[in-house]
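**Q** Below is one structure. I have some questions about it.
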Amino acid sequence: MNRLLAVSSMVTSSLSAITSAAVKGAVAAAPPMKVSTCDQMRRCDKNATDKYSIPSALLMENAGITSYRCLTELLPNSRMTPQTKVLVVCGPGNNGGDGFVVARYVHSNGGQVRVILLNSREK
């Protein structure tokens, strides 16, 4: 069974939620979870970095590894294989950073990964 899993980094910063896309009839469902708005997540990130001196790179790493772990739960035997294909769609800023962390873990654990970086022409 060939399945492509798509990870949206715009969602990863909202409690590290992931989305999955079904290809060729294979359906994978992520467990329901509460998702923060962009403004709520920005305030949480700012509070973590300003008040608690947590580096933003560490926040991205934690969001990315948690998203990767959620992703692997959708896979047979909960593990990456060379046949696992993952598409990571990244937005600008820290959300994109979360997605690149996911991509790094997919690659490091034997999966095939492609990254699409989205940004407006104004930026």
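**Q** Identify, by number, the condition in (1) in a loop (DSSP other than H, G, I, E, B); (2) modelled with pLDDT of 95 or more; (3) under 17 Å from Val115 (Cα atoms); (4) of a type outside the set (Val, Ile, Thr) that Ser20 doesn't meet.
**A** With (1) in a loop (DSSP other than H, G, I, E, B); (2) modelled with pLDDT of 95 or more; (3) under 17 Å from Val115 (Cα atoms); (4) of a type outside the set (Val, Ile, Thr) applied to Ser20, the lone miss is (2).
**Q** I'm trying to understand the selection: among the residues of segment 100-115, which are of a type in the set (S, T, N, Q) and assigned to a helix (DSSP H, G or I)?
**A** Hit for segment 100-115 is Ser108, nothing else.
**Q** I'd like the full set of residues that are of a type in the set (Gly, Ala, Ser), under 25 Å from Ala57 (Cα atoms) and without any contact (Cβ under 8 Å) to a residue 40 or more places away in the chain, limited to segment 73-102.
**A** Hit for segment 73-102 is Gly93, nothing else.
The values are calculated or read from the model by the stated rules, or taken from the named source; none is laboratory data. Everything numeric in this text was worked out from a predicted model, so none of it was measured. FYI the Cβ positions are ideal-geometry reconstructions off the backbone, even for glycines, and counts take in every protein chain you see.
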